[in-house]
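In what follows, a single structure is set out as structure tokens and then discussed.
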Amino acid sequence: MKRITHSGGSFVTGNAITAALLEYTTTVADAEHSVTVDITVLEEHGETSVHTILLSQASQFDVADVGGITAEEEARRFPVPEMPQVGIRGTVEEGTGAARTAEDFNHVMDELDAGLGQ
């Protein structure tokens, strides 16, 4: 279990959620917009609930170990959430121009791989 201090408050959650959140936050830091993520946290009375946190380029965390429950119980009570995609998103183009667009894209990627601009 980990205690995460974030924006002046703190919450306790599972190790796997903490690892995913920290890794994901580095992706958000490179993006130009904020995202929200729903995570399961341990409440003071021992029950769990879902909290929504806002992540942005300015997100900072302090993480500390806390005593807690077995790894099996933690995995059951604190499932790792799906994180929203950040950054460039692809679309599937349909129609007669789709093949040409794919060829153009592949050509540009080949040039980048070959060191264009170096």
**OP:** Just need a number here: residues in segment 76-100 that are part of a helix (DSSP H, G or I), open to solvent by less than 70 Å² (accessible area, probe 1.4 Å) and at pLDDT 75 or above.
**Re:** 1
**OP:** Return the total of residues in segment 1-58 being under 15 Å from GLU82 (Cα atoms), part of a strand (DSSP E or B) and open to solvent by 40 Å² or more (accessible area, probe 1.4 Å).
**Re:** 6
**OP:** For segment 62-71, state whether one or more residues are within 17 Å of SER10 (Cβ to Cβ), at pLDDT 90 or above, open to solvent by 70 Å² or more (accessible area, probe 1.4 Å) and within 14 Å of the chain's Cα centre (by Cα).
**Re:** no
**OP:** Scan segment 101-118 for residues that are of a type in the set (D, E, K, R) and modelled with pLDDT of 75 or more and jot them down.
**Re:** GLU103, ASP104, ASP110, GLU111
**OP:** Quickly run through segment 1-36 and pick out the residues that are among the hydrophobic types (A, V, I, L, M, F, W, C) and touching a strand residue (DSSP E or B) at 6+ places or on another chain (Cβ under 8 Å).
**Re:** MET1, ILE4, PHE11, VAL12, ILE17, LEU21, LEU22, VAL28, VAL35
**OP:** Count, please, the residues in segment 62-82 that happen to be in contact (Cβ under 8 Å) with a residue 40 or more places away in the chain and farther than 15 Å from MET1 by Cα.
**Re:** 1
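The values are calculated or read from the model by the stated rules, or taken from the named source; none is laboratory data. Keep in mind the model is a prediction, meaning the values are calculated, not measured. When we count neighbours, we look across all protein chains shown, and the Cβ atoms used for this are built from the backbone with ideal geometry, even at glycine. The area values use the complete protein model at the heavy-atom level, side chains included, leaving out ligands, DNA and RNA. Shrake-Rupley method; radii C 1.70, N 1.55, O 1.52, S 1.80 Å.
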